[in-house]
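The values are calculated or read from the model by the stated rules, or taken from the named source; none is laboratory data. From a predicted model like this one, the values you see are computed outputs, not experimental measurements. Here the Cβ is made from the backbone with ideal geometry for all residues, glycine too, and neighbour counts use every protein chain on show.
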Amino acid sequence: MVQQPAAVEQNSPSAAPISLPRTSESETLKKIRHTTSHVMAMAVQRLFPKAQVTIGPWIESGFYYDFDSPEPFTEADLKAIKKEMVKIINKKLPVIREEVTRDEARRRIEALGEPYKLEILDDIKTEPITLYHLGDQWWDLCAGPHVESTADLNPKAIELETVAGAYWRGDANRQQLQRIYGTAWETPEQLAEYKRRKEEALKRDHRKLGKELGLFLFADAVGPGLPLWTPKGTLLRSLLEDYLKKEQVARGYLPVVSPHIARVDLFKVSGHWQNYKEDMFPMMAEDAESAAAEQGFVLKPMNCPFHIQIYKNQLRSYRELPMRLAEFGTVYRYEQSGELGGLTRVRGFTVDDSHLFVRPDQLADEFLKVVDLILSVFGDLQLKNFKARLSFRDPASDKYIGSDEAWNKAESAIRNAVATLGMESFEAPGEAAFYGPKLDFIFRDALEREWQLGTVQVDYNLPERFELEYVAEDGSRQRPVMIHRAPFGSLERLIGILIEEYAGDFPFWLAPVQVRLLPVGDDFRPFAEEVVAQMRLLGIRAEVDQSGDRLGKIVRTAEKEKVPVMAIVGAQEVENNALSVRTRSAGDLGAIAVATVCDRAVAANQSRTNF
RNA sequence: GCCGAUGUAGCUCAGUGGUAGAGCAUUCGAUUCGUAAUCGAACGGUCGGCGGUUCAAAUCCGCCCAUCGGCUCCA
């Protein structure tokens, strides 16, 4: 029987790869998607005359348009809308740009009865106002650019994808609109490739792979957003923890441990209670009286106040600083139900937290050291696709504590560090913590959603609130500065991102099972067990396949479980004290002496490279 | 929290008002096997939960829970 190996994809090398630029990378796509969103809005208003238009921009993978419609759009509606769009496109309507005065624009919008458009008009500060017409049948306030005619759109390269609720102006207190997401390309081939890649991305989803690989689970009986870790998943966590702990010990960090709950007062002093009371699990009060007086215990949403207490336990000398207190601390946050998802957003998670208490003159240097550690961690984990975000305060908001002076100092410390390192980064006003600005490291998951992993924060405010001090050289009492930092951010989110980044194929040093011995028959089991025992003594995570299935099946099982090294044991191997090695990455390597396999595995573990 | 969709065996999924199904997994038996599925049998389900409509509900309706997509939020 001839078998087609399932893992071998049927590539046709002659076909040129289809490129799928993001919208911002292609002027053509910008126009196509912009115009397509107008065509969709026109189609919607033809089919649903009560629907009011709002905004409809392009996004990196397509476009959307928000409507205020009395009835939500259904799947069937999307089909009808698409059909109507095809009719419009086939009319080959010219897309005509018109410039009008503000008053004229206002007059026309009022004639249409489109209140949202009026609000948008009020926000446009420049004149003239540009309108774009689709033939003489429909127009929208728009800055453009657009294609010249709907004939430039290919109906077979357009797809309406989903409907979602979205708040007007992104404000949860305002009207919720119906958003239709769609995508549009130059050719049907591009659309097909886009859909294929989306399918591929779903296969990398850490929720799917985590289940398949048996790393973690969620149980209804436990609660939403509260992951349970299996032995394999726990092993992975431990490997990551051990790795970072080692790096931190080498850099002078001091491990500490704090409890999961504390008096609510602790978080009143820090300010967390005032800012995040609603996002914390409810307070545990002993009786109604205590509850009324807001006296009780809370699950910790942050580790910093605990580490601060450890710092405060003694009068500290300037000689002790910088003091770097580190803890893998599990925190609990009552995230909104609609926000939960897999490991990337959970209600209980472990922060690779550390708080550095430094003298002001040590801040710049210490900050650089932290960034250096974070970048080296990402390097060791082979994480390359991230952005550095300078999360500063929003000058218009009053949610921040502390003086302008402290904020300015902290923000410029971060700016300087980034400049010193020559790191590519972008500033994001409004993304700061309430107590200080941050340097955040943003990653993308398989579905292109962005998540913050690593973070470094400069904080002048909590030292103030907790009245931290140290004794300076001259005997005076001085206030230290705090750096909050977490290279992983959260172990849960990191693992979610890692699973997707590796597509479940962990590098050798992180694979929960590194070597699986596959006995060809039961006779060879004792030898396999001996080899496993030998490997385990060397710190190699090895095991024997216990199923008793035939070789083809146990190879398949090991492949599906993404075990990096398979070692087949039969008569020849026993005789020669060897293993027939098959790796996931390179396939059949042939017979290799047991000792050599062990050496290679140990070396791979030490150097964090492939087997 | 909001809008929408989904929820059937451990997993992946069929089943549109009339006695709950398949494949895989598991267990048992046979097979002792050489690089992605050996054969056979058995086991396995308050059809997410509660309530309603109906002679009859996995199927229709309501509420709740959970998951998924999006919005808002994210110390």
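What the table shows:
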{"quantity": "In region A:570-603, the residues that are of a type in the set (Asp, Glu) and either more than 10 Å from RNA strand B (Cβ to nearest atom) or under 23 Å from residue A:510 (Cα atoms) (or both)", "calculated": "A:588, A:599"}
{"quantity": "Complete set of residues in region A:70-99 that are buried (at least 17 other Cβ atoms within 10 Å of the Cβ), modelled with pLDDT under 95 and part of a loop (DSSP other than H, G, I, E, B)", "calculated": "A:73"}
{"quantity": "Residue among A:252, A:233 that is more than 9 Å from RNA strand B (Cβ to nearest atom), of a type in the set (Gly, Ala, Ser) and more than 16 Å from residue A:495 (Cβ to Cβ)", "calculated": "A:252"}
{"quantity": "Residue under evaluation residue A:205, criteria (1) closer than 25 Å to residue A:23 by Cβ; (2) away from RNA strand B (no atom under 11 Å from the Cβ); (3) of a type outside the set (S, T, N, Q); (4) not assigned by TED's automatic domain parsing to the domain that holds residue A:52, criterion not met", "calculated": "(2)"}
{"quantity": "Close pairs from region A:143-168: first under 12 Å from residue A:191 (Cβ atoms) and away from RNA strand B (no atom under 16 Å from the Cβ), partner modelled with pLDDT of 95 or more and of a type in the set (Lys, Arg), Cβ under 9 Å, at least 6 apart", "calculated": "A:155/A:82; A:158/A:82"}
{"quantity": "Entirely in region A:232-300, the helices (runs of 4 or more DSSP H) that have 1 or more residues that are closer than 26 Å to residue A:401 by Cβ", "calculated": "A:264-270, A:272-276"}
{"quantity": "Any hit, region A:366-384, residues being at pLDDT 95 or above, within 11 Å of RNA strand B (Cβ to nearest atom) and polar (S, T, N, Q)", "calculated": "no"}
{"quantity": "When residues of region A:170-202 are limited to those that are in contact with a helix residue (DSSP H, G or I) (Cβ under 8 Å, 6 or more places away or on another chain) and free of Cβ contacts under 8 Å to residues at least 24 places away in the same chain, the one nearest to RNA strand B (Cβ to nearest atom)", "calculated": "A:176"}
{"quantity": "Residue selected from region A:432-452 under the condition within 8 Å of RNA strand B (Cβ to nearest atom), farther than 26 Å from residue A:412 by Cα and of a type outside the set (Lys, Arg), by the criterion surrounded by the most Cβ atoms within 10 Å (Cβ to Cβ)", "calculated": "A:447"}
{"quantity": "Unmet requirement for residue A:497, which otherwise passes all of (1) under 24 Å from residue A:200 (Cβ atoms); (2) of a type in the set (Val, Ile, Thr); (3) free of Cβ contacts under 8 Å to residues at least 60 places away in the same chain", "calculated": "(3)"}
{"quantity": "Residue tally, condition over 9 Å from the mean Cα position of the chain (by Cα) and either assigned to a loop (DSSP other than H, G, I, E, B) or among the polar types (S, T, N, Q) (or both), over region A:447-463", "calculated": "5"}
{"quantity": "All positions within region A:526-560 that are surrounded by 15 or more Cβ atoms within 10 Å (Cβ to Cβ), away from RNA strand B (no atom under 16 Å from the Cβ) and part of a loop (DSSP other than H, G, I, E, B)", "calculated": "A:540, A:541"}
{"quantity": "Search result, residues across region A:363-394 that are over 20 Å from residue A:462 (Cα atoms) and assigned to a loop (DSSP other than H, G, I, E, B)", "calculated": "A:381, A:382, A:383, A:384, A:385"}
